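The structure appears right after this line, and notes come after that.
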There are 2 protein chains.
Amino acid sequence: MHRVKVRVVEDALDANNTIARANRDDFDRNGVTVVNLMSAPGAGKTTLLERALGGLSVRAGVLEGDVQGSLDADRLAGLHLPVVQLNTGNGFGGECHLDANMVRSALPSLPLEDIDLLIIENVGNLVCPAEFRVGEDVRIMVSSVAEGEDKPLKYPLMFRACELVVLNKIDLLPYIDFDMDKWAARLEAVHPGVHTMLVSARTGEGVDGLRDWLAALPERRLVEA
Amino acid sequence: MHRVKVRVVEDALDANNTIARANRDDFDRNGVTVVNLMSAPGAGKTTLLERALGGLSVRAGVLEGDVQGSLDADRLAGLHLPVVQLNTGNGFGGECHLDANMVRSALPSLPLEDIDLLIIENVGNLVCPAEFRVGEDVRIMVSSVAEGEDKPLKYPLMFRACELVVLNKIDLLPYIDFDMDKWAARLEAVHPGVHTMLVSARTGEGVDGLRDWLAALPERRLVEA
């Protein structure tokens, strides 16, 4: 029974990669650089975007993935950027991740020709989102210090699958037991040399660095192409 | 293609429920009350167990579900209870939840005849764990105030599927923006009347209440049977 299950999943992944490539072609045709933004529930992805996308020097858009509701998209509406909500709640309990086909279904709602940088905010989850490419150029994961210093070891694929790890809520460090050296060593163990930023979306500390990093992505992509 | 996908998932769920029932029969035969403990990554399930299971008046055991590693099981070893680690990392990125068959595979490693209360600590995830019964009597979910007050609306199935919602890390309330009334109203909207406890696993505040609630479960189960 296990063998059958694995086979089905592999077929699904292959279909996913085919559609991800089609998404990527559409993004390329429109000159859009795409970020897949992932984290556990409540790590602060949306608050970070509220902070980092304001005053961004490139034209950004956001695709919000959630099981249900449009709370996050509503919060971002104030930024006056194109924001599209994508709900995964069809079926029984809802999908715990975005896949390429879901993203593809949202593309007609996005003005790709008016966007340089598209942020796809994935469903809050540290496992499955890392397994499904959606056509992105880079992957960013956000981890909150409140989640604890053991997360890189417990969810290694997620920490390994990304190009940038943003450690958020550092304003809480004085009030919790979080050993930064231990966290950094564990991250290094699962993803040697990965780029890391320490930020507080609440106070704004470190967000300028993230904004600059995001703004440089479209140019970097042109150089690499 | 969507229709096919839904059918496959329903078949899988049926198989899961069949095995969950078999697990339940084994638990019943041995007089074991079973708790399915769920939360997002880093909400504090293991720290809560470290606090609540010490000095518990019934004989407890723990089944630790993680994608990879045995960090949590190692932490609980100091409690001198039967602790079994169950890793879901087979296949590609690992399963994001426990299902009845995984739990069944661990049963031979557990001394069920010496346990009154078995805590199954699920994989940290607010979506899929709520969709898979494993043979439990009750479900507890833990949410951390650091995750924000919007979580009941964003992950309604999880908050609806449990009998007890434990709001953890209340020691952080002075340092974050968390509107308790708003959270409570949102929880009430998705799961009217659900029992709630406010605790801090770090300081111990409120943990006595959780310990008493857990200790009363085996007796309550006998009364209901």
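The values are calculated or read from the model by the stated rules, or taken from the named source; none is laboratory data. Not measured: the values here are computed from a predicted model. Reconstructed Cβ throughout: ideal geometry from the backbone, glycine too, with neighbour counts over all protein chains shown. Ligands, DNA and RNA are excluded from the accessible area calculation, which covers all protein heavy atoms including side chains. Shrake-Rupley method; radii C 1.70, N 1.55, O 1.52, S 1.80 Å.
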GNM flexibility winner over chain A from A:119, A:140, A:170 (Cα, springs under 10 Å): A:170
Calculated from backbone phi, Karplus (6.51, -1.76, 1.60) coupling profile of the stretch A:120-132 in Hz, x at Gly/Pro: 9, 8, 6, 5, x, 4, 9, 10, 5, x, 5, 8, 10
Accessible area buried between chains B and A, both sides summed, probe 1.4 Å, in Å² to nearest 100: 3800
Computed [θ] at 222 nm, helices only, for chain A once each DSSP H run of length n ≥ 4 contributes -39500 (n - 2.57): -12000 deg cm²/dmol
Relative contact order computed over chain B (Cα-Cα under 8 Å; 6+ residues apart), in percent: 25
Under-5 Å amide H pairs with residue A:68, H placed in peptide plane, nonlocal only: A:88
Of all chain B residues, the one whose C-beta is nearest the axis that brings B onto A, in angstrom: B:146, 2
For residue B:197, distant residues with modelled amide H under 5 Å away: B:165, B:166, B:167
Unsatisfied cross-links (Cα-Cα over 27 Å) in the set A:169/B:151; A:151/B:182; A:182/B:151; A:45/B:169: A:151/B:182; A:182/B:151
Probe 1.4 Å - accessible area at residue A:155, Å² to nearest ten: 10
Among B:119, B:22, A:194 - extreme Cα towards positive end, dipole of the protein assembly as shown, charges at beta-carbon: B:22
Cut-off under 5 Å, modelled amide H: who pairs with residue A:62 long-range: A:83, A:84, A:119
Label spacing, shortest first and in nm, from residue B:105 to its equivalents in the remaining copies (7 angstrom along Cα→Cβ): 3.1
Teacher prompt: residue A:212 distances to equivalent labels in other copies, 7 Å Cα→Cβ, nm: 5.6
Nearest-20 debye value, the stretch B:26-96 charge dipole, Cβ charges on Lys, Arg, Asp, Glu: 240
Charged-residue dipole, Cβ positions (Lys, Arg, Asp, Glu), the protein assembly as shown about Cα centre, Debye nearest 20: 540
Ranking by accessible area, most exposed first, for A:38, B:180 with a 1.4 Å probe: B:180, A:38
Assigned charges on the beta-carbon of Lys, Arg, Asp, Glu; chain B dipole about Cα centre (debye): 380
Where B:109, B:57 fall by accessible area, highest first, once all protein chains stay in place (1.4 Å): B:57, B:109
For residue B:28, inter-copy label distances in nm, listed shortest first [label point 7 Å out on the Cα-Cβ vector]: 5.9
³J(HN,Hα) computed for each position of the stretch A:53-64 - Karplus, 6.51 cos²θ - 1.76 cosθ + 1.60, integer Hz, glycine/proline x: 7, x, x, 5, 8, 10, 7, 10, x, 10, 10, 9
Gaussian network model of chain A, Cα within-10 Å springs - most flexible of A:152, A:111, A:174: A:174
Estimated vicinal HN-Hα couplings, Hz - the stretch B:141-153 in sequence order (Karplus 6.51, -1.76, 1.60; Gly, Pro = x): 10, 10, 10, 9, 4, 5, 6, x, 7, 8, 4, x, 6
Distance from the stretch B:199-222 to the stretch A:154-191 (C-alpha centre basis), Å: 31
Selected from A:185, A:175, A:153, residue furthest toward positive end of dipole (the stretch A:127-225; charges at beta carbon): A:153
Cβ neighbours within 10 Å from other chains - mean over B:154-163: 4
